[in-house]
Amino acid sequence: MMNIAHRGFSSQYPENTLLSFHKAIDLGVGLLELDLQLTRDGHLIVLHDKTVDRTTDGSGQAADLTLDEIKGLDAGGWLAPDFAGERIPTFMEAMEELDPSIILVTELKFTGNDGIQGVIDRIDERDASDRVVISSFDLAKLPIVKTLAPGLPTTALLKTDETTTQEKIDLARELKVDTLGPRYTDVTQELVDAAHAADLLVRAWGLGRDQGEEMTRLIELGVDGMTTDCPDILQRILVSRGLA
Ligand code: G3P
Ligand code: CA
């Protein structure tokens with residue numbers, strides 16, 4: 001069961017920062033989820049939103065700022081004064097700074113497909129293809145990743161919708177992904193069983209605070225993993241069940 005710390009230990013530390021990632025690792029978590037955006041000068045940075053407004057002391061679209069400008073922003077003080085001084089990491093820094101035993105569940109958030117080759121190139125430069133998983137809600141990106149780097153596992157993130165289990169399985173086949181990523185509310189026994197029968201993993205997303213019961217439900221359904229802002233709670237549940 002993969003306990004994937006969503007944007008790091010983001011319920012307590014500033015999301016998508018090295019501090020948040022290190023704090024998740026300190027819990028014993030082996031997988032970190034992070035988001036990638038592109039700067040104006042083509043650098044891949046670890047940032048969820050298209051703008052820097054919510055999570056830094058700056059403003060504007062990341063795609064309109066240079067890496068130098070991004071690096072001048074405070075990415076921690078918005079959450080609490082103690083975290084002031086945290087910076088937005090680049091994708092390279094995340095791969096360099098975090099222990100190579102940690103799996104980076106990397107979500108492609110940037111607009112368009114031009115940045116995909118850069119993601120593959122950075123992974124190759126760090127020789128990190130065995131510790132990166134690529135995911136996206138922008139499903140058209142995933143077959144491109146598979147073509148450019150067939151060895152990289154991919155996850156189709158699914159918005160909540162009315163599609164049937166079979167349609168989800170068919171979509172996964174069409175996109176050549178390894179994992180289905182439904183919102184946790186869409187995970188059923190039928191979906192988990194059908195995905196496993198089709199040789200697909202299931203990892204849920206959207207688990208926030210006070211959701212221990214929901215985490216337990218998903219574990220009992222047999223999901224392969226979940227992203228959560230509270231990896232501390234999930235880790236406690238997994239340990240208590242002898243699963244971590
Ligand atoms: O694991 C997928 C999850 O990260 C989706 O939500 O908004 O954090 O990208 P979001
Ligand atoms: Ca994400």
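The values are calculated or read from the model by the stated rules, or taken from the named source; none is laboratory data. Remember, predicted model here, so these are calculated numbers, not experimental data. Here Cβ is always computed from backbone atoms with ideal geometry, including for glycine, and neighbour counts include all displayed protein chains. Surface accessibility is based on the protein's heavy atoms, side chains included, excluding ligands, DNA and RNA. Shrake-Rupley method; radii C 1.70, N 1.55, O 1.52, S 1.80 Å.
Key figures
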item	result
Filter result for the condition that a residue is within 16 Å of ligand 1 (Cβ to nearest atom), open to solvent by 10 Å² or more (accessible area, probe 1.4 Å) and out of contact with any Gly (no Cβ under 8 Å at 6 or more places or on another chain), over Ser59, Ser10	Ser10
From the options Leu139, Leu98, Leu108, residue that is farther than 27 Å from Ser20 by Cα, in contact (Cβ under 8 Å) with a residue 24 or more places away in the chain and under 16 Å from the mean Cα position of the chain (by Cα)	Leu139
Identity of the residue in the stretch 5-32, of a type in the set (D, E, K, R) and under 19 Å from Thr56 (Cα atoms), that ends up farthest from ligand 2 (Cβ to nearest atom)	Glu15
Lone qualifier among Gly181, Gly208 - being closer than 26 Å to Ser101 by Cα, in contact with a Phe, Trp or Tyr (Cβ under 9 Å, 6 or more places away or on another chain) and in contact (Cβ under 8 Å) with a residue 12 or more places away in the chain	Gly181
Subset of the stretch 1-21 [over 17 Å from Thr106 (Cβ atoms) and of a type in the set (Gly, Ala, Ser)]	Ser11
Residue among Phe83, Phe91 that alone is among the hydrophobic types (A, V, I, L, M, F, W, C), at pLDDT 95 or above and open to solvent by 30 Å² or more (accessible area, probe 1.4 Å)	Phe83
Among residues of the stretch 33-51, those that are over 22 Å from Ser101 (Cα atoms), open to solvent by less than 30 Å² (accessible area, probe 1.4 Å) and within 16 Å of ligand 2 (Cβ to nearest atom), counted	2
The stretch 159-178, residues that are surrounded by 13 or more Cβ atoms within 10 Å (Cβ to Cβ) and farther than 19 Å from Trp205 by Cβ	Asp170, Lys176
Any hit, the stretch 205-224, residues being at positive phi and either exposed (fewer than 14 other Cβ atoms within 10 Å of the Cβ) or among the basic types (Lys, Arg) (or both)	yes
Segments classed as helices (runs of 4 or more DSSP H), wholly inside the stretch 120-224, with at least 1 members that are within 16 Å of ligand 2 (Cβ to nearest atom)	141-148
